[in-house]
Each structure stands twice: as structure tokens, then as C-alpha cells.
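Below: the structure, in C-alpha cells.
Just so it is clear, none of the values below were taken in a lab; they were calculated from the coordinates. Here the structure is a predicted model, which is why all the values come from computation and not from measurement. Every residue, glycine among them, receives a Cβ derived from its backbone with ideal geometry; neighbour counts consider all protein chains shown.
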């Protein structure tokens, strides 16, 4: 009951995205199940820091990464703040706890040559579905969008004349992202084909459409589409929409874009978040050096 009230608060008063709300719900239901497993009589007001620490240990043992455990702890902390403000509990047992130290791997990205081979190659069927699928990858790679941002993109957000997208990111923060002639032409041709469909076949103003139902293409369908097509040009395990966002940032920096510009295009709140890509480009420089310099071998 308290979880339902909290999720309604996130949606109504905090205006959080459905994806964020689902993430919080999953974490809280996981913790609640853990509590019941330890003691059927234990409620939210009977939890202490040791119970939460033991839960985090179990999460790690179940194979969750330190980053995932940290996100679940963050959800629990936000929930307890909510309960405390509404006087549903008298103590917040989570506020002083810290998540496990995160490892900081370099962002995984697809090289420019591989992306060129995919987007210029014969991998997309010559159907409206194939055209839509190519557009999904082209937007993500050309504009650096998150998959939730692409999912929420409507035609009113596309300015063909100025070649720019109005993107609604995290916490409803909006930014303008420019795009080039290739994406403009792809958008125009795809929209023309969409408009030729019977009106009853389209139930949404979304740019990316589920052509079987006429509804908005879901974040899950975007993920599966990207994973499928990246499999043609790379064997790496991570083949998600976020990999294309990393690929966008890395390609920009490798081609002399400055860090501040990339920060604005990605919609990052601070420069430190964007700086991780400088490590990626430096790794690329080292690889090229070791490959090319006669004394490096």
C-alpha cells in the first residue's frame, strides 16, 4: 500500500518517467520480498541499517553489479524520505548507508567504420519496417538520444527546415539537437510513407511507430531493434541504444568536437559526466599509436 502511494507520488508530484517509476517499483518490491523472507512480521517501520546491508550483500551474491545495487539503494533511500515526511515511519534507516564502490569501465562504443558499414550496407529490408528500423539507428547515432528520448519523440519535435530535434530528457529537461542532411532526408521519406497509410493504421503522433499496432514503438522494441542490427557488424556483448549514444559522443570527440558542445548535445547536467568519453578517445589514440608507430611494437 505504501509502495503504491509512493509510486503515485513519483508520477503525480515529481513527474518522473514511467521507466524511472518501474525501476523504483522493482527495487522496492525486491526489498519487501527480502523482508518477508527474513521475518513475516517485519514491516517498513521495523527495518534497521543491518537489514538493508544484508539485502545489498544478497543482491551482489545474486549477480547484480555494484552500480545496480547502488541504484536500488537510492530508490530505497528516496522511499524512506517519503515515508518520513508523511510520518509513516519515525526513523530513516537508509540515509547513512552507502552503496558498494562502483567500478568505472570505459563506455562501450561501436567504431565509425563499423557504423558506416551498417548504415551504408544491405542489412535493412526494403520495406517500411526496414526503413523505420534504419531510422531508429540513424537517429540514435546521429543525435545521441537515449532510448526513452527516442520513444517520446513526436513529429512536432522535428524541425525539418532548421534540421533540429527538440528532445525531452531526464526530469523533463529539454534541449535542441541539430542533425544533418542524411537524417533529414531519411525522416522526410519515412514520414511520406507513413502519411500514405490509411488513417486508422496510425494511432500516435510518434516519429517511431509500431507498424503492426499503429502505436508508439516501445523502449523494449527500440532496444531489440538496435541489438539485432548491431549484431551484423560487431560481436561485442553490449549492443544497446546506449552503446549508440556512446558511439555518437566518441565519434564527435574523435573528430575535434569540444567537450562542452558534446555535453550540451547529450543533455548532461555537468561536464564530469561527459569527461568519461575523453578516456575513450585517448584509448583509441593509444590503439592507433600502437598499430601505426614502428617502434611501438
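Some notes on this structure:
- Degrees separating the helix 49-61 axis from the principal Cα axis of the chain, which is the longest one: 40 degrees
- Helix axis angle, 241-254 relative to the chain longest principal axis, alpha carbon, degrees: 60 degrees
- Cα gyration tensor category, rounded, prolate or oblate, for region 1-126 with a/c compared to 1.5: prolate
- Label sites at residue 95 and residue 269, each approximated as a point 7 angstrom past Cα along Cα to Cβ, lie 2.0 nm apart.
- Range of Cα positions in region 1-52 per principal axis (Å), largest first: 34, 18, 17
- The chain - percent relative contact order, Cα under 8 Å, separation 6 or more: 17 percent
- Normalised by 2.2 N^0.38 Å, with N the number of residues, the alpha-carbon radius of gyration of the chain equals 1.17.
- Each part gets one Cα centre, and for region 18-34 versus region 197-258 those centres are 26 Å apart.
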